[in-house]
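For reference, the structure is listed below as structure tokens.
The values are calculated or read from the model by the stated rules, or taken from the named source; none is laboratory data. Because the structure is a prediction, the values reported are computed rather than measured. A quick note on method: Cβ atoms are made from the backbone with ideal geometry, for glycine too, and the neighbour counts reach across all protein chains shown. For the accessible areas, the whole protein counts, side chains as well, though only heavy atoms, and no ligand, DNA or RNA atoms are used. Shrake-Rupley method; radii C 1.70, N 1.55, O 1.52, S 1.80 Å.
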Amino acid sequence: MSRREEPRREDQDQRLEEYFMKYHTMVIRNVYQRMKDYYAAEDICQETFIRLAGHLDEVPPEKVKAWLICVSDNLALDILRKHKSKEAALERMQEEVRRKQGTEPDNVVERLEEFRETGMALKELKEIRPNWYEVIRMSCLEDMDTRAIGKALGVRPMLVSKWKERGRRWLRDAYRKKKEDG
């Protein structure tokens, strides 16, 4: 890096930090109102400012606030759309299982109970370890590989592998415990 680029880079870093200090709470509040999920709002806020860093020279200072709102709204809408399509896919899968199991009445109650227990375990995992849940969801429902998940979440693939392993282990243990408890 040349001496000329260094002060420019420092100036950009300083401007970005100033914008973050000034607007990050507003971005989180704005996204939270839409998503009702604080952790998702924080993640979207982080992604919004990362994108701002890439476009800092292109966005006039008087339009930064509007740009942040626009980008964070679009990111939130993307996530909400993906969530709805995943819910629809899950419903289709459950319907297919019900249809297949419908020919064997003895298994229907058993299968429904397993789905209920699995759903409860997944819901609990989502509440206590949202990162593990997201990795497992992306891996299983979206059929994404470790690298793609890491890129989507902004973390290293090695961390994705650890979260996936830990999440699966946690789910197995939770499922076994629920089975034992009856």
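Remark: the range 136-182 carries 74 Å² of accessible area per residue (probe radius 1.4 Å; ligands, DNA and RNA excluded).
Here the calculated FRET efficiency for residue 74 and residue 22, from their Cβ-Cβ distance with R0 = 22 Å, stands at 0.60, rounded to the nearest 0.05. Charge tally for residue 43 (other residues, Cβ to Cβ under 11 Å; Lys, Arg +1; Asp, Glu -1): -4.
Distance between the 7 Å Cα→Cβ label points at residue 142 and residue 50: 1.2 nm. Taking a Cβ cut-off of under 10 Å around residue 135, the surrounding Lys, Arg, Asp and Glu residues balance to a net charge of +4, with basic ones at +1 and acidic ones at -1.
Fully extending the segment from residue 96 to residue 42 would add 15.8 nm, taking 0.36 nm per residue of separation and subtracting the current Cα-Cα distance.
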